[in-house]
1. Translational D (Stokes-Einstein, µm²/s) of the stretch 99-248 at 37 °C and 0.692 mPa s when Rh comes from the Kirkwood sum over C-alpha pairs?
2. Nearest 5 is fine: what % of DSSP beta bridges in the stretch 116-249 come out antiparallel, could you say?
3. Relative to the present Cα-Cα distance, how much length would full extension add between residue 157 and residue 239 at 0.36 nm per residue of separation?
4. If I take R0 = 25 Å and measure r between the Cβ atoms of residue 83 and residue 250 in this structure, what FRET efficiency does the formula 1/(1 + (r/R0)^6) give, to the nearest 0.05?
5. Using alpha carbons only, how many degrees (0 to 90, rounded to 10) separate the axis of helix 231-240 from the longest principal axis of the chain?
6. Starting from 0.36 nm per residue, how many nanometres of slack lie between residue 112 and residue 166 once their C-alpha separation is accounted for?
7. Let a ≥ b ≥ c be the square roots of the eigenvalues of the Cα gyration tensor of the stretch 56-102; is it rounded (a/c under 1.5), or, if not, prolate (a/b larger than b/c) or oblate?
8. Angle check, please: helix 2-21 long axis (alpha carbons) against the longest principal axis of the chain (alpha carbons), in degrees 0 to 90, nearest 10.
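Each reported figure results from applying straightforward, stated rules to the coordinates on display, with no laboratory input. These figures come from a predicted structure and were not determined experimentally. Every residue, glycine among them, receives a Cβ derived from its backbone with ideal geometry; neighbour counts consider all protein chains shown.
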């Protein structure tokens, strides 16, 4: 019995030590301005070290929650939290525990500035830029397609930019909801494009916003293959990218 208790104490001490090595989430955040747009440092924009950036943090929950709620609150993706905290039930996260916020990431080694990168593994969009002679990367969590409607990999180009877009309903969406009209106008609760849309290669695939009821799904597999951002994020990205900007989904 004493050996079991000693083992449990050691496990507890090791787990606490590991948690203490992580810095507290949010302590080093400040605002950085690019082209008149503000981003939160060490959450939405990071200084690059080669192709690496960021660090992992610890966050103490202040109430019972789920990873869906916490991902929305902390501006990370559901899958990032789930993979970083495998011992925590994602739908029953208790109050007053420390969870890991995994913001230590890498860009492809041969990345180029002002190119949009979408990582299917990270459920994140990355835009490396230069600010005051230093290299940074702007990043947001994204929603992606599922196994039935996967987000395509490859190199693309932004061929159209739309403000307050109407939704031309694709066949994939119509199979799930045959009552949808051919076009769902902007402002309709059924319009899933949000406030901005960036079309890729003149195809039906886009980087776009989302309806208010679906914002908590950003960071999960919720689309018909498109890349989905929260509206506040797509509106800022929209101002930073031009037509013919290269997009790499990997």
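1. Working: Rh = 15.8 Å.
In µm²/s, the coefficient is 207.
2. Bridges in the stretch 116-249 are about 75 percent antiparallel.
3. Values: separation 82, 0.36 × 82 = 29.52 nm, distance 1.60 nm.
Full extension of this stretch gives 27.9 nm more.
4. Using R0 = 25 Å, I get an efficiency of 0.90.
5. 70 degrees
6. Here the segment from residue 112 to residue 166 would lengthen by 16.2 nm.
7. Here the stretch 56-102 falls in the rounded category.
8. On a 0 to 90 degree scale, this one is about 50.
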